[in-house]
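I have placed the structure first, in the form of structure tokens, so that the comments after it can refer back to it.
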Amino acid sequence: MTGGARQVRVIAGKWRSMPLVAPKGAATRPTTDRVKESMFNLIPHSLSGVVVDLFAGSGALGIEALSRGAERAIFVDRDGRALRTIRDNLMRVQGLAQAELWQSHWRQAIDQLYNIGDTLAYVFVDPPYADRLWQPVLEALPADRIIGGVVCELPKEMELPDVISDFAKVKYRVYGDIAIALYEPVLGSRDKGDDHA
């Protein structure tokens, strides 16, 4: 590796053990293999549909989902360096055809998710810890479009409510200093229709 880049890997599925590169710098904090494996153990092993890697960084979560059977992944990050790294990683695993890369602020990306009309399987939310964006993201996401859930990685000392907007926390695990929370749409949220402005 060059330029101080850090290496991570795909841990399961069709691209198992394939190396990926994370962009250098403090802005990207790659999810460890142990936490990533635990995260995916909370959701169905046979993924399908569209997933969103909302603060994508290296793209490791979205690529892991593709490796495990997701049909398509949308990778969102504001940092152009991160998007270039994600593109490189997708080329490594030959997964570029199954991906969309959006250089966007998370709120603009969520607005775009409303507009494209896709049904989403899972949304992965691993923002910079200092920004404390988990609750604002859950409040903004279109619950009526999500059939699986929202998977949040956060520091264990951060407490999130059991219910946020149209989502309810259904699973919560702690692994060292990291916690994983799985939120699913509340029954009835899919019947509200698209009243997003």
Original post:
What residues qualify as long-range amide H neighbours of L20, i.e. H under 5 Å apart, gap of 5 or more or another chain, H built at 1.01 Å from N?
Top reply: V8, R9, V10
Original post:
Given the options V51, V123, V163, which has the most mean-square fluctuation in a GNM of the chain, springs set between C-alpha atoms less than 10 angstrom apart?
Top reply: V163
**OP:** Specify the residue with the greatest mean-square fluctuation among A130, A60, A179, computed from a Gaussian network of the chain linking alpha-carbon atoms under 10 Å apart.
**Re:** A130
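Could you order M158, M91 by accessible surface area, starting with the largest, using a probe radius of 1.4 Å? All intermediate terms of the calculation are to be shown ahead of the outcome.
Working: M158 25, M91 115 Å².
Order by accessible area, largest first: M91, M158.
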Original post:
So how far apart, in nm, are the two label points at D79 and T32 if each is 7 Å from Cα heading toward Cβ?
Top reply: 2.0 nm
Original post:
Only one of the listed values, (1) 32, 28, 15; (2) 29, 19, 14; (3) 25, 18, 16, was derived from the coordinates as semi-axes √(5λ) of the Cα gyration tensor in Å; which label is it?
Top reply: (3)
**OP:** List the DSSP H helices in the chain whose Cα atoms stretch 24 Å or more along the helix axis and whose mean Kyte-Doolittle hydropathy is at least 0.0.
**Re:** none
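Quick one: ranking K14, K156, K169, K36 by accessible area, 1.4 Å probe, largest first, what do you get?
Values: K14 125, K156 100, K169 55, K36 0 Å².
Correct descending sequence by accessible area is K14, K156, K169, K36.
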Subject >> E37, E64, E71, reordered so the largest accessible area comes first (probe 1.4 Å) >> reply: E71, E37, E64
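Counting only pairs 8 or more residues apart or on different chains, how many lysine pairs in the chain have their Cα atoms under 18 Å apart?
Details: K14/K36; K36/K156; K36/K171; K156/K169; K156/K171.
So the count of such lysine pairs works out to 5.
The values are calculated or read from the model by the stated rules, or taken from the named source; none is laboratory data. Keep in mind the model is a prediction, meaning the values are calculated, not measured. Here Cβ is always computed from backbone atoms with ideal geometry, including for glycine, and neighbour counts include all displayed protein chains. With ligands, DNA and RNA removed, areas are computed over all heavy atoms of the protein, side chains included. Shrake-Rupley method; radii C 1.70, N 1.55, O 1.52, S 1.80 Å.
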